[in-house]
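Values quoted throughout were computed directly from the atomic coordinates according to the rules given, and no laboratory measurement underlies them. Not measured: the values here are computed from a predicted model. With ideal geometry, Cβ positions are generated from the backbone for all residues, glycine too; neighbour counts draw on all protein chains shown.
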Amino acid sequence: MTEDAPRAAELLSRLIAADAPFALIARDGTTVEVLTGEIVDVDLLADIPLIDATGRPREVLALVPFRQVRERGFECHDDGAPLRCLVVDRRVALPRADVLSTLPGAPVPLRDAGFDIPDEEYAEIVRRVISDEIGRGEGANFVIRRDFTAAVDADPTTAALTWFRALLEQERGAYWTFAVITPGHIAVGASPEAHVSAQDGVVTMNPISGTFRHPAGGATAAALSEFLESAKETEELFMVVDEELKMMSAVCSDGGRITGPHLKEMSRLTHTEYVLRGRSRLDPRDILRETMFAPTVTGSPMQNACTVITRHERGPRGYYSGVAALFTPRASDVGSDAGEPTHDLDAPILIRTAYLVDGMLRVPVGATLVRHSDPYGEVSETHGKAAGVLGAIGAVPRTGAAAPLDAVAGDVIDEDAPAVAAAPLADDPEIAALLASRNARLASFWLNPQGATEAGPFAGRSAVVVDAEDRFTTMLAHQLRHLGLDARIVHWSEVTDAELDAAELVVSGPGPGDPRDPDSPRMHRLRDIVARRLDTGRALLAVCLSHQILADRLGLDLAPLERPHQGLQKTVDVFGTPASIGFYNTFTARAAAGATRIGEAQISADASGDVYALRGEGFASVQGHLESILSRDGMTTLERLIAHALA
């Protein structure tokens, strides 16, 4: 205890007595930041009040609910949860130990505790998402949540401070440990994951995926090795990295570089993660809007993931999978007059968080569903995640392994249970080697510093990239610019025939859904775009969904794959050259076995007739995603196909 301890006790006592809004944030391991101020609820991210009436920048902590995806035109169950801003008038940094010594520690009993969706019903939801959504080409992965709920009779602020203390004492590896107390709503959590940060022009994202639940007795290198060798867990992480690179390519001039993978070791769970960095001059509110929300808690592609969530989740998410965004005035002397952002941004994802509203505790948890998910494995993952939060706050027994939680309603704490491993597992040479080996599968373009775009082989030429509702187009456009093209992205519903005719190259992009759907306006417009370029003889590159539409136009059959290729890496022949490419497709164009041509077009297909690429006079196409991190030969193959289309 230091001489600041009485100050910590006095400050917290005064805040509690005043019934005033405040926030406690621990993010550096040694201090707890106490933020006080007034609450302002706003409608849009652009309304977050970063500048006061005199033009001076001010600090704001914003709780951003999931419903803000409406700003991007995405679907959601709209519960009206406010975009709540704590406009900071005072910040005090106190020693962590002093704050701990002043916080309440008596356990908070729970009543009527259990999941809102029983295990069997959740398993059935998992089956439906795999068959009806992933199996029909709606996306690569989706996160579907369930809530652990319980009644709490204790004073809400006392309960929140008790849980915050338990998190400080018990949890490790969290990016933020926090308690945000506002009128009628309390959030307490230990988020492992930074969604996005922006500091001095450097944007950072931190995709985390894959959950290793520590067994009874603690985690071991042998058990973790088995987890790291799992194809499902590896592909799950690669898919979310791809999805966040789409966001980075939208907000960063240099697209973003990935480093890692790393381990995120927490008390009862360990995750795998990458770090993405790039440079941007955007307002931090715009960065936040363009990155709503993390694929690790929604799915991909993002727009369709929101639609799938709306179809399969039974109610609104509230703040789950949103962010807590701290906007801090820049220390440097740069402001809006200089054309630079006035604030830095630090925004963790609102996961591993307990919410307390009207005497009810709610802990939302989700599982990432992919093509080979096991329904009962995903049920178990939600138990593990909920137990991680509840055990850390002392609401359920603290044990190394997570037991089923449906019958838990107590305040028992096993103080002798090991909460942390003896040494970081990442230090084990075998674990380090397994992590490093993952990058051998990835595209060097995204692993290496990209630097400034130099004059590429197509310098001085223009391209229109048609966005078919998959933001892989942002990564494609970034790569096109590195090849020298002046590339511009236009949504399928907004691109005009005049724009299509003016572009030297049209890249018709990927997207979700069934290319055979006769009633989809999106498919209808993509057919028009492909037909217009073929009929005029102007250069066309068609990717994934648009490749299938091109194949259909040429007379090839389209069919669903027996097993979707969502997040699958394959080495295929592309007109005589082997290429390692990432695939995200549920449907395929199919030619007769051994066929190499259809009309005047060349076909590149495997022995079964699945078509991987097409080319003819003025056009080329590819089934895979050359922009994906899974495409080791993506850039060279992209250059070859564009050169053919433009020739």
- Roughly what would the spin-label model give for GLU38 and ALA592, points 7 Å off Cα along C-beta, in nm? 7.8 nm
- Task: Please give the FRET efficiency for VAL357 paired with ALA423, using the beta carbon to beta carbon distance and R0 = 35 Å, rounded to the nearest 0.05.
- Result: 0.30
- Take each of the peptides 347-353, 495-501, 367-373, 278-284, average the number of other beta-carbon atoms within 10 Å over its residues, and list them starting from the highest. 347-353, 367-373, 278-284, 495-501
- Message: 5 Å is the cut-off here: which amide hydrogens, built 1.01 Å from N in the peptide plane, fall below it relative to GLY456, excluding neighbours closer than 5 in sequence?
- Response: GLY484
- Message: If the only charges are +1 at each Lys and Arg Cβ and -1 at each Asp and Glu Cβ, what is the size of the charge dipole of the chain around the Cα centre, to the nearest 20 debye?
- Response: 980 debye
- What net charge is computed for the residues neighbouring VAL363, neighbours being all others with C-beta under 12 Å from the C-beta of VAL363, Lys and Arg scored +1, Asp and Glu -1? +3
- Message: What distance in nm lies between label points placed 7 Å from Cα along the C-beta direction at ASP501 and ASP19?
- Response: 6.9 nm
- Task: Give the calculated FRET efficiency between GLU121 and SER437 to the nearest 0.05, with a Förster radius of 41 Å applied to their Cβ-Cβ distance.
- Result: 0.60
- Message: At 0.36 nm per residue, and after removing the present C-alpha to C-alpha distance, how many nm does the segment from THR636 to ASP132 gain when stretched out fully?
- Response: 177.9 nm
- Message: Test of understanding: what is the full-extension gain from ARG281 to HIS491, defined as 0.36 nm times their sequence separation minus their Cα-Cα distance?
- Response: 73.3 nm
- Message: I'd like the antiparallel share, as a percent to the nearest 5, of DSSP beta bridges with both residues in the stretch 452-646.
- Response: 60 percent
- Note on the structure: Ranking PRO364, ILE208, LEU63 by how far each Cα lies towards the positive end of the charge dipole of the chain (+1 on Lys and Arg Cβ, -1 on Asp and Glu Cβ), the top one is ILE208
- Item | In sequence order, calculated HN-Hα J values of the stretch 244-254 (Karplus, 6.51, -1.76, 1.60; Hz; x Gly/Pro) | 6, 5, 4, 5, 4, 5, 7, 10, 10, 5, 9
- Item | Centre separation in Å (Cα based) which lies between the stretch 58-89 and the stretch 468-542 | 33 Å
- What are the ³J(HN,Hα) values, in whole Hz, obtained from phi via the Karplus relation 6.51 cos²θ - 1.76 cosθ + 1.60 with θ = phi - 60°, for each residue of the stretch 188-195 in sequence order, with x given for Gly and Pro? 9, x, 9, 6, x, 10, 6, 6
- Item | Farthest positive-ward along the stretch 5-440 dipole, Cα basis, beta-carbon charges - from ILE181, GLY322, THR291 | THR291
- Tell me, in nm to one decimal, what length is gained between ARG172 and ARG91 on full extension, where the rule is 0.36 nm per residue of separation less the Cα-Cα distance? 26.7 nm
- Message: Please enumerate, by chain and number, the aspartates and glutamates with C-alpha under 13 Å from the C-alpha of LYS264, excluding those fewer than 8 residues away in the same chain.
- Response: GLU171, GLU193, GLU273, ASP427
- Item | Crossing angle, helix 375-392 versus the chain [Cα axis fit, 0-90 degrees, rounded to tens] | 30 degrees
- Would you mind counting up the charge near ARG165? Only other residues with Cβ under 13 Å from its Cβ, with Lys and Arg at +1 and Asp and Glu at -1. -2
- Would you calculate the separation in nanometres between label points at ASP517 and ASP112, each defined as 7 Å from the Cα along the Cα-to-beta-carbon direction? 4.0 nm
- On the formula 1/(1 + (r/R0)^6), with r taken between the Cβ atoms of ASP557 and ARG72 and R0 of 51 Å, the FRET efficiency rounded to 0.05 is 0.90
- Query: Based on the mean of other beta carbon atoms within 10 Å per residue, what is the order of 175-187, 131-143, most packed first?
  - Reply: 131-143, 175-187
- Query: Taking only Cα atoms, what is the 0 to 90° angle, nearest 10, from helix 119-128's long axis to the longest principal axis of the chain?
  - Reply: 20 degrees
- Message: Less than 17 Å apart at the alpha-carbon level, and either on another chain or at least 8 residues along: which lysines does that give for LYS232?
- Response: LYS570
- Task: Please name whichever of VAL241, PRO49, ALA347 sits farthest to the positive end of the charge dipole of the chain, dipole taken about the Cα centre and charges placed at Cβ: Lys and Arg +1, Asp and Glu -1.
- Result: VAL241
- Message: Restricting everything to alpha-carbon atoms, can you work out Rg to Rh for the stretch 278-335 with a Kirkwood hydrodynamic radius?
- Response: 1.10
- Does the stretch 452-646 classify as rounded, prolate or oblate by the C-alpha gyration tensor (a ≥ b ≥ c root eigenvalues; a/c under 1.5 gives rounded; else a/b over b/c gives prolate, otherwise oblate)? rounded
- Counting DSSP beta bridges with both ends in the chain, the antiparallel % (nearest 5): 85 percent
- Summed side-chain charge close to VAL574 - residues other than VAL574 whose Cβ falls under 9 Å, Lys, Arg +1, Asp, Glu -1: -1
- Using the alpha-carbon atoms, what tilt in degrees (0 to 90, nearest 10) does helix 5-18 show relative to the longest principal axis of the chain? 80 degrees
- Task: Would you kindly derive the ³J(HN,Hα) couplings of the stretch 492-499 from the backbone phi angles with the Karplus curve 6.51 cos²θ - 1.76 cosθ + 1.60 (θ = phi - 60°), listing them in order in whole Hz, with x for Gly and Pro?
- Result: 4, 7, 10, 5, 9, 4, 5, 5
